[in-house]
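Colleague: Would you mind keeping the following structure in view while I ask a few things?
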Amino acid sequence: MSEPSRVEVPLLNMQVAEQSRRAPAPMVAKAPAGIRRFLHTQTSGAVADRAFGGLMLTCALSILAIVVLIVVMLLDQSKLSLHAFGLKFFFRTAWDPVSGDFGALPFIYGTLVTSFLALCIAVPLALCVAIFIMEISPAFLRTPIAFLTELLAAIPSVVYGLWAIFVLVPMMRDHLGPFLAKYFGWTGLFGGSNFGEGFLTAGIILSIMILPVISSITREVMGAVPISQKEAALALGATRWEMIRMSVLRNSRIGIVGAVILGLGRALGETMAVTMVIGNNPQISHSLFAPGHTLASVIANEFTEATGDLYLSALIEIGLALFLVTIVVNSIARLLVWAVTRGKPVAAH
Amino acid sequence: MNLKFAVAIAGLTLASAAGAQSLNGAGATFPNPIYSKWFSEYSASHPGVQINYQSVGSGAGIRQASQGIVDFGATDGPMTDQQISEAKVKLFHIPTVLGAVVPTYNIPGVSGELKFTGDVIAGIYLGEITNWHDPKIAQLNPGVTLPDHQILPVYRSDGSGTTYIFTDYLSKVSADFSSKIGKSTSVHWPVGIGQKGNEGVAGMVRNSPYSFGYVELIYALQNKMSFGSVKNPSGKFVKASTSAVTAAAAGAAKNMPNDFRVSITNAPGADSYPISSFTWLLIPLKSADPAKGKVLNDFLHWMLQHGESEVEALSYAPLPQPVALKVNGALNYLK
């Protein structure tokens, strides 16, 4: 089924693209000449070009400078803790401000587990929402649904947190939790006492928060797939799902991965809503009902009242850990993309 | 009355002499409502004087005041000896108002007020008392039918003076708590769930059946929450109130050290509420700018004369008379 389409589709596409390029060409070619003549009388193009290039270079370099400054500041401020615990800081499980014993592992674990859970829930949902809006939805529903998904992105995280405390937590405690424990308890992921707050609740609230990011970018990417590709697939007798799979999803997979990485970035750094529902207890537990803690939430919780230099320094090193976790996770995600897409030509471009 | 008049006159002359004076302070969040009220009233009655206060937390208040970044600090827990010796600016503790921490709970079917001891509360947070049916709780509350259900301890996840006062008290009454958890603005809780802020803990307790938590007295009073009474060293179960807190401070006043760095948790006295504490302003012994030192000194006099009478309206407990007198005497040494 997929063999003939792969051969035919790019050809069709090229022809259409060439035609459309040819048609407006004369008009485009005529107009700039006049503008250019006008511009030449006004100013020196060379100076303007160079100034513009320089300005853009400065802007690009400023990003680099900001990242470097952040790293330097984090390293400098966490010196005390780096000296006291060394690199083992990232693998220690203790967090005891009273005796000055600090380690980042429970927080790294919490951050990774909640973000991973969020992706597991949000990615399939976001993809389905995007596919529905772009390909299946009747036209009159398209705008309201797209608007509503984007509205989700505009809600402040503290509001998500409040909603979670008053709705999601009791639901988790009284209905969803017991259900999971009863039917999926054998996985070992849903053991122990369930108070409604913990990794799973935090993962669910995060998934709702990253859903609009992933789905709206995915929608944009899907919208960029040439209509000729879809028509070609349909013309070859593909069903609607086959058309979506072969021409839409295949062509936009890199963009979708980009959307997922953006969503992951938000999940890793999200603070307020998570801290309201995760239970804030730095422990590593295999049960998703257990309370945990994340890197961002421990900083938000303890920074203002941190007494003692080592304590403060350890909290800043937690910031460094968050920075490193983000870099490592993003690198792994990009490596995965590279490994998956390597050697397979992207049909649309 | 005479003194009041004299102070007012002195304040007016000072203000006019000093011209526009702007002071910056930072620190504890717990006394922020009363400090904001005081500073705005003081500024209104002293033209040209502007006192700004940022409630950034006790830890940040101590740091910024010690380094001279702000003109004065504020804290809920007294500075440690090490912090005092390392401070660039030598600071003096001035107690201003009192706060207390109350135990709160949500047990379906139990409507009456429960009684607790420090040992029982420590046991709950250490994970040793895990069930409401535990004989240690039942023994204190004869006649109350306690359910056979697991206790969910709730604590403050953010560093706070509330946690400091609470753990300070539990460390005093329970050796186990002192060695396993200790006292600090944030500690490592072996069991339970953490919530941010008084509102977080209160919300969690309200929404979770069979939970137990601790919140600031003011928060509990203003939100009309029910809370339990705690046994004081005299053996009496006292329910927290502004007068019971002031009584605890009065009980501690006899042994008040000259630098006012004193913990009044578990204070003696028949009516003392045991989980009470002062909150302090951190005033430089010698202000870098003498004019600012004068304004601060004048403000502190004003606070003792006028300010203290306003605190109860905001549910804070005022300083007991002997402590106020002692503070008044100490102000002479500040420059």
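The values are calculated or read from the model by the stated rules, or taken from the named source; none is laboratory data. Because the structure is predicted, anything quoted here is derived from the model rather than measured. Cβ: placed from backbone, ideal geometry, glycine included. Neighbour counts: every protein chain shown. In case anyone asks, the SASA skips ligands and DNA or RNA and just uses the protein heavy atoms, side chains included. Shrake-Rupley method; radii C 1.70, N 1.55, O 1.52, S 1.80 Å.
Colleague: Hey, can you tell me all the residues within region A:283-314 that are out of contact with any Gly (no Cβ under 6 Å at 6 or more places or on another chain), facing another protein chain (nearest Cβ under 10 Å) and open to solvent by less than 20 Å² (accessible area, probe 1.4 Å)?
Modeller: Answer for region A:283-314, where residues must be out of contact with any Gly (no Cβ under 6 Å at 6 or more places or on another chain), facing another protein chain (nearest Cβ under 10 Å) and open to solvent by less than 20 Å² (accessible area, probe 1.4 Å): A:SER297, A:VAL298, A:ASN301, A:TYR311.
Colleague: If you don't mind, another one. Can you work out which of the residues in region B:171-196 that are more than 7 Å from chain A (Cβ to nearest Cβ), touching a Pro at 6+ places or on another chain (Cβ under 9 Å) and open to solvent by 50 Å² or more (accessible area, probe 1.4 Å) is farthest from B:MET79 (Cα to Cα)?
Modeller: Ranking the qualifying residues of region B:171-196, first place goes to B:LYS180.
Colleague: Here is a further query. Scan region A:278-299 and give yes if some residue there is at positive phi and under 25 Å from the mean Cα position of the chain (by Cα), otherwise no. Working first, answer last.
Modeller: Of the residues in region A:278-299, the ones at positive phi are A:279-280.
Next, from what is left, pick out any that are under 25 Å from the mean Cα position of the chain (by Cα): A:279-280.
Among the residues of region A:278-299, at least one is at positive phi and under 25 Å from the mean Cα position of the chain (by Cα), which makes the answer yes.
Colleague: Which condition number does B:ALA252 fail, the rest of (1) of a type outside the set (S, T, N, Q); (2) in contact with a helix residue (DSSP H, G or I) (Cβ under 6 Å, 6 or more places away or on another chain); (3) at pLDDT below 90 being met?
Modeller: Single failed check for B:ALA252: (2).
Colleague: Which of (1) within 12 Å of chain B (Cβ to nearest Cβ); (2) open to solvent by 20 Å² or more (accessible area, probe 1.4 Å); (3) assigned to a helix (DSSP H, G or I) does A:VAL274 not meet, given it meets every other one?
Modeller: Going through (1) within 12 Å of chain B (Cβ to nearest Cβ); (2) open to solvent by 20 Å² or more (accessible area, probe 1.4 Å); (3) assigned to a helix (DSSP H, G or I) one by one, A:VAL274 breaks only (2).
Colleague: Any idea which of B:THR163, B:THR185, B:THR167 is touching a Phe, Trp or Tyr at 6+ places or on another chain (Cβ under 6 Å), closer than 29 Å to B:GLY61 by Cβ and among the β-branched types (Val, Ile, Thr)? Before you say what the answer is, go through the steps one by one.
Modeller: Details: B:THR163 fails: touching a Phe, Trp or Tyr at 6+ places or on another chain (Cβ under 6 Å); B:THR167 fails: touching a Phe, Trp or Tyr at 6+ places or on another chain (Cβ under 6 Å).
On inspection, the qualifying residue turns out to be B:THR185.
Colleague: Determine if region A:111-124 includes at least one residue that is more than 18 Å from the chain's Cα centre (by Cα), at pLDDT 90 or above and of a type in the set (A, V, I, L, M, F, W, C). Before you say what the answer is, go through the steps one by one.
Modeller: Initial filter on region A:111-124 (more than 18 Å from the chain's Cα centre (by Cα)): none.
No: region A:111-124 contains no residue that is more than 18 Å from the chain's Cα centre (by Cα), at pLDDT 90 or above and of a type in the set (A, V, I, L, M, F, W, C).
Colleague: Here is a list of conditions, (1) open to solvent by 10 Å² or more (accessible area, probe 1.4 Å); (2) not assigned by TED's automatic domain parsing to the domain that holds B:THR167, and B:THR242 meets all of them except one; can you say which number that is?
Modeller: (2)
Colleague: Select from region B:34-90 the residues that are assigned to a loop (DSSP other than H, G, I, E, B) and among the aliphatic types (A, V, I, L, M) and write down the one among them that is modelled with the lowest pLDDT.
Modeller: First, pick out the residues of region B:34-90 that are assigned to a loop (DSSP other than H, G, I, E, B): B:46-48, B:55-57, B:67-71, B:76-80, B:87-90.
Applying the additional criterion that residues be among the aliphatic types (A, V, I, L, M) yields B:56, B:69-70, B:79, B:87, B:89.
On the way: B:VAL56: 85, B:ILE69: 91, B:VAL70: 93, B:MET79: 89, B:ALA87: 88, B:VAL89: 90.
Filtering first and then ranking leaves B:VAL56.
Colleague: Residue check: is B:GLN50 open to solvent by 20 Å² or more (accessible area, probe 1.4 Å), within 14 Å of chain A (Cβ to nearest Cβ) and in contact (Cβ under 8 Å) with a residue 12 or more places away in the chain? It would help to see each step written out before you state the result.
Modeller: Details: open to solvent by 20 Å² or more (accessible area, probe 1.4 Å): yes; within 14 Å of chain A (Cβ to nearest Cβ): no; in contact (Cβ under 8 Å) with a residue 12 or more places away in the chain: yes.
So B:GLN50 does not fit the description; no.
Colleague: Now a separate question. Restricting the search to region A:186-204, which residues are at pLDDT below 90, in a helix (DSSP H, G or I) and not hydrophobic (A, V, I, L, M, F, W, C)?
Modeller: Selection gives A:THR187 alone.
Colleague: Scanning for something within 13 Å of chain A (Cβ to nearest Cβ) and hydrophobic (A, V, I, L, M, F, W, C), does region B:81-98 turn up at least one residue?
Modeller: Within region B:81-98, one or more residues are within 13 Å of chain A (Cβ to nearest Cβ) and hydrophobic (A, V, I, L, M, F, W, C).
Colleague: Is region B:147-154 home to any residue that is open to solvent by less than 60 Å² (accessible area, probe 1.4 Å), within 12 Å of another protein chain (Cβ to nearest Cβ) and within 20 Å of the chain's Cα centre (by Cα)? It would help to see each step written out before you state the result.
Modeller: Quick first cut of region B:147-154, residues open to solvent by less than 60 Å² (accessible area, probe 1.4 Å) only: B:147, B:151-154.
Filter once more, so that each one left must be within 12 Å of another protein chain (Cβ to nearest Cβ): B:151-154.
Restricting the remaining residues to those that are within 20 Å of the chain's Cα centre (by Cα) gives B:154.
Yes - at least one qualifying residue is present in region B:147-154.
Colleague: Let me ask something additional. Scan region B:282-293 and give yes if some residue there is in contact with a Ser or Thr (Cβ under 8 Å, 6 or more places away or on another chain) and buried (at least 16 other Cβ atoms within 10 Å of the Cβ), otherwise no. Spell out the reasoning first.
Modeller: Initial filter on region B:282-293 (in contact with a Ser or Thr (Cβ under 8 Å, 6 or more places away or on another chain)): B:282, B:293.
This time we only want the ones that are buried (at least 16 other Cβ atoms within 10 Å of the Cβ), so: B:282, B:293.
Yes; the residues of region B:282-293 include at least one that is in contact with a Ser or Thr (Cβ under 8 Å, 6 or more places away or on another chain) and buried (at least 16 other Cβ atoms within 10 Å of the Cβ).
Colleague: In addition: Just to verify a result, which residue in region B:197-239, among those that are in a helix (DSSP H, G or I) and of a type in the set (D, E, K, R), is least open to solvent (accessible area, probe 1.4 Å)?
Modeller: Pass one, region B:197-239, residues in a helix (DSSP H, G or I): B:197-207, B:217-222.
Right, trim to of a type in the set (D, E, K, R) and you get B:199, B:206.
On the way: B:GLU199: 111, B:ARG206: 139 Å².
That would be B:GLU199.
Colleague: Take B:ASN297 and tell me if it is of a type in the set (S, T, N, Q) and not in a helix (DSSP H, G or I).
Modeller: Numbers: of a type in the set (S, T, N, Q): yes; not in a helix (DSSP H, G or I): no.
Taking the combined requirement at face value, the residue does not satisfy it.
Colleague: Is it the case that region B:210-221 has a residue that's within 11 Å of chain A (Cβ to nearest Cβ), under 25 Å from A:GLY198 (Cα atoms) and at pLDDT below 90? First the steps, then the outcome.
Modeller: First, pick out the residues of region B:210-221 that are within 11 Å of chain A (Cβ to nearest Cβ): B:210-211.
When the remaining residues are screened for being under 25 Å from A:GLY198 (Cα atoms), the result is B:210-211.
Applying the additional criterion that residues be at pLDDT below 90 yields none.
For region B:210-221, residues within 11 Å of chain A (Cβ to nearest Cβ), under 25 Å from A:GLY198 (Cα atoms) and at pLDDT below 90: absent.
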